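The values are calculated or read from the model by the stated rules, or taken from the named source; none is laboratory data. Quick caveat: nothing in here was measured; it's all calculated off a predicted structure. Positions of Cβ are backbone-derived with ideal geometry, glycine not excepted, and every protein chain shown enters the neighbour counts. Just the protein is used for accessible areas: all its heavy atoms, side chains included, with ligands, DNA and RNA removed. Shrake-Rupley method; radii C 1.70, N 1.55, O 1.52, S 1.80 Å.
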Amino acid sequence: MTDIVTVEKLVKRYKGGFEALKGVDLAIREGEILALLGPNGAGKTTLISAICGITMPSSGSVRVGGKDVVKEYRDTRSMIGLVPQEVNLELFETVWNQVRFSRGLFDKAPDDAFLEEMLKGLSLWDKKDSKTIELSGGMKRRVLIAKALSHNPRILFLDEPTAGVDVELRRGMWETVAELKRQGVTIILTTHYIEEAEAIADRIGIISAGKILLVEEKDSLMARLSQKELRIELAEPLDRVPEALADTGLTLAEDGRRLVYSYDTAGGGGTGITALLSRLKEGGVRMTDISTHQSSLEEIFVDLVEHDGADRQETAQ
Amino acid sequence: MNFLAVGVIYRREMARFFRTFLQSLLAPVISTSLYFVVFGAAIGSRIEEVEGVSYGAFIVPGLIMLSVMGQATSNASFGIYFPKFSGTIYEFLSAPVSFLEVVLGFVGGAATKAFIIGLIILATSFLFVDLTIAHPLAMLAFLVLTCVSFSLMGFIIGIWAENFEQLSLIPLLIITPLVFLGGAFYSASMLPPLWQTITHFNPVFYLISGFRWAFFEQADVPVAVSLAAIAAFTAICLAFIWWIFRTGWKIRA
Ligand SMILES: Nc1ncnc2c1ncn2[C@@H]1O[C@H](COP(=O)(O)OP(=O)(O)OP(=O)(O)O)[C@@H](O)[C@H]1O
Ligand SMILES: [Mg+2]
């Protein structure tokens, strides 16, 4: 697959000196769905804004379809549809007027048949003569998507498209996104919902404090998530794992008050839990509680962020 | 050049105008009529003639200028300020349009509106006074130039403004006094010498003088000077807009 967007050493320094992007490198593949995850203020919107032309990069380069977003902005922007994070719409314009306006703004000749098809696909056709103020929040979000799609973009950016959207509508949006992917559109979306990234993305990127920490195939990331832990709380603390249980892979934690057993649920084979529990009984280990624990994307994420912080401290010394 | 974009911006601005056509029309007609009643009838009955023209007719060019300058400025400044305020400006920034095309759409719309209002005021004047226009083409040319240059200035104000107060401040604080002191309702030759000199520093004075020449063939300054003044004003606005375009001032953070 070829890269349709390449971001290199992108730095964005806002007025006042704050660096929202600290040298971002990112390659987006043609036809993929990339989910960008990151906490509030990570720089997701700033990154999208720099690619789409809303803010000027302070340094570094962004190329879309092989063209530079600053020098060849007409070519790059024609390829991109943007659904912004905030619901910014003309309050007193009808849906129909707004999508026709967007299409013209992107230098595409009027094509009412196409717009009709698109609005029907987004279940907005019966609202085409309604003004923005007469629409519900979820409908407004779909109008934003309709505007972005009005000029047949090759690349679609969705900045938190499902924030404040109910479960049913969210699934509807995922279907829309999947359909667009089938049509060959490259999709980049930001989200706070891990299930969302899991449900639709091909790759997942994690961004924090202006840096991309990782971009990985969803499947391999999810494999890491299938790691589970069995936690066994002990009645009396141990100073080491008993000799008889040494081959089980158990480790001690919490000052010897807990035994931890790691296993994988993805493999399909047995997890070894039954055998382990009977051996614990044979070994006379007295337990007060047992629980299982699954590492979440958040934990992987926190892990990455902490490592990142530690690295920086090391280099600083 | 993305002409489709210019077209949709222009049409949207005009659609907004025609949606509220009656309001847009009523306000200038009523205020003009009031000026005729107050200035034309009350003062005109004492002054009678200025340089061979009845006072009622004499104030027509100034009245048109007063409305047109105000309308052009506020239409253009609101036109571009509103997307900034509501956030819809993101679409202009992410679309394949240059700043020039955005300016053409917004300024074109604002100037057209101001031009229509100017013509309506002119038509209203015919109801109150006897009026013949010596150079109709020159009159229209001055009107168009004024509409365009003040719309350009309004556009700059709209980009600069950070709240609604600032938006209405400039027209109130600068344009209205300049028009009133620029000889809208009197000839500069009626003033004491010191005030005559001061008046010559007022750019609006040259516009009104030239515009009045197109009506009555007499003016405070030669018409060529008026033309040069309005050309210079337009050039300054264009240069400023070019600079905004180069630097992304107030638009691309
Ligand atoms: N116009 C601006 N001027 C100054 N700082 C800004 C501006 N826009 C954003 N920032 C700062 O840049 C950082 C990144 O903001 P950004 O909006 O990109 O975050 P985000 O990842 O999209 O967050 P969220 O998930 O909340 O949408 C934040 O610290 C924010 O305060
Ligand atoms: Mg954001």
*Can you list the aspartates and glutamates whose alpha carbon is less than 18 Å from that of B:K113, not counting same-chain residues fewer than 8 positions off?*
B:E13
*In sequence order, what are the phi-derived ³J(HN,Hα) couplings for segment B:186-198 according to the Karplus relation 6.51 cos²θ - 1.76 cosθ + 1.60 with θ = phi - 60°, rounded to whole Hz, with x for glycine and proline?*
8, 8, 4, 5, 7, 8, x, x, 4, 5, 4, 4, 4
*With a Förster radius of 41 Å, plug the Cβ-Cβ distance of B:H135 and B:I174 into 1/(1 + (r/R0)^6) and report the FRET value to the nearest 0.05.*
0.90
_Multiplying the sequence separation of B:V37 and B:F3 by 0.36 nm and subtracting their Cα-Cα distance, what value in nm do you get?_
7.7 nm
*asked:* Explain nothing, just compute: Karplus ³J(HN,Hα) = 6.51 cos²θ - 1.76 cosθ + 1.60, θ = phi - 60°, for every residue of segment A:52-67 in order, whole Hz, x for Gly and Pro.
replied: 7, x, 7, 10, 7, x, 6, 7, x, 9, 10, 10, 10, x, x, 10
*Have a look at segment B:63-109 and report residues whose accessible surface goes down by 50 Å² or more when the remaining protein chains are included, against the chain on its own, probe 1.4 Å, ligands and DNA/RNA excluded.*
B:T88, B:Y90, B:E91, B:S94, B:P96
*Take the solvent-accessible surface of the protein heavy atoms, probe 1.4 Å, and return the percent of it on segment B:119-183 that carbon and sulfur atoms account for.*
76
*Alpha carbon centre of segment B:25-68 versus segment B:157-218: separation in Å?*
16
*Check: chain B dipole with +1 on Lys, Arg Cβ and -1 on Asp, Glu Cβ, in debye*: 780
*Cα-based shape type of chain A, given that a ≥ b ≥ c are square roots of the gyration tensor eigenvalues and the cut on a/c is 1.5*: prolate
*In degrees between 0 and 90, to the nearest 10, how far off the longest principal axis of chain A does helix A:167-182 point, with axes built from Cα atoms?*
70
*Please work out whether segment A:45-117 counts as rounded, prolate or oblate from its C-alpha gyration tensor, where a ≥ b ≥ c are the square roots of the eigenvalues and a/c under 1.5 means rounded, while otherwise a/b larger than b/c means prolate and anything else oblate?*
oblate
_Could you tell me the relative contact order of segment B:47-139? Use alpha-carbon pairs under 8 Å, at least six residues apart, and round to a whole percent._
43
*Considering only the other residues whose Cβ falls under 11 Å of the Cβ of A:Q227, what net charge follows from Lys and Arg at +1 and Asp and Glu at -1?*
-1
*Rounded to the nearest 10 Å², what accessible area does B:H135 show when all protein chains are kept and the probe is 1.4 Å?*
60
_Taking R0 as 41 Å, what FRET efficiency do you get between B:T197 and B:T20 from their Cβ-Cβ distance, rounded to the nearest 0.05?_
0.45
*Might you tell me the accessible area per residue for segment A:3-223, computed with a 1.4 Å probe and given in Å²?*
41
_Efficiency of FRET between A:E236 and A:D75 - r from beta-carbon atoms, R0 56 angstrom, step 0.05_ = 0.20
*How fast does segment B:37-183 diffuse by Stokes-Einstein, in µm²/s, taking the Kirkwood radius from C-alpha pairs at 20 °C and 1.002 mPa s?*
128
*How high is the relative contact order of segment A:227-294, in percent, counting Cα pairs under 8 Å that sit 6 or more residues apart?*
50
*What residues have an amide H closer than 5 Å to that of A:K211, excluding those fewer than 5 places away on the same chain, when H is modeled at 1.01 Å from N in the peptide plane?*
A:K22
*With respect to the cross-link table entries A:K71/A:K211; A:K108/A:K140; A:K140/B:K84; A:K181/B:K250; A:K15/A:K211; A:K67/A:K128, which display a Cα-Cα separation exceeding 28 Å?*
A:K181/B:K250; A:K67/A:K128
*Residues with amide H under 5 Å of A:G60's amide H, sequence separation 5 or more or different chain, H placed in the peptide plane at 1.01 Å from N; which?*
A:V11
*Please find, in a Gaussian network model of chain B (springs between Cα atoms separated by less than 10 Å), the residue of B:A184, B:A232, B:A219 whose mean-square fluctuation is greatest.*
B:A232
_Give me a comma-separated list of calculated 3J(HN,Hα) values for segment B:234-242, in order, Karplus coefficients 6.51, -1.76, 1.60 applied at θ = phi - 60°, integers in Hz, x for any Gly or Pro._
4, 4, 4, 4, 4, 4, 5, 5, 4
*Kindly express, to the nearest 10 degrees and within the range 0 to 90, the angle between helix A:95-105's C-alpha long axis and the longest C-alpha principal axis of chain A.*
80
_segment A:3-223: antiparallel DSSP beta bridges as a percent of all, rounded to 5_ = 55
*Taking the alpha-carbon centroid of each part, what is the distance from segment A:136-214 to segment A:226-250 in angstrom?*
43
*asked:* Could you tell me the relative contact order of segment A:93-202? Use alpha-carbon pairs under 8 Å, at least six residues apart, and round to a whole percent.
replied: 27
*Geometric extent, Cα atoms of the protein assembly as shown - Rg, Dmax (angstrom)*: 33.7, 123
*Could you state how much accessible area is buried at the A-B interface, both sides summed, with a 1.4 Å probe, in Å² to the nearest 100?*
2600
*Could you tell me the accessible area of B:E13 in Å² (1.4 Å probe, neighbours in place), rounded to the nearest ten?*
10
*Express in Å², to the nearest 10, the accessible area of B:V102 obtained by rolling a 1.4 Å probe over the protein heavy atoms while all chains stay in place.*
10
*Electrostatic dipole magnitude of segment B:1-90 [Cβ: Lys, Arg +1; Asp, Glu -1; Cα centre; debye, to 20]*: 600
*Label point distance in nm, A:T274-B:M190, each placed 7 Å from Cα along Cα→Cβ*: 10.9
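To the nearest 20 debye, what charge dipole does the protein assembly as shown have about its Cα centre, counting +1 at the Cβ of each Lys and Arg and -1 at the Cβ of each Asp and Glu?
1380
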*Largest first and to the nearest Å, give the Cα extent of segment B:3-247 along each principal axis.*
59, 37, 34
*Measuring from label point to label point, each 7 Å out along Cα→Cβ, what is the B:E48 to A:S262 span in nm?*
10.8
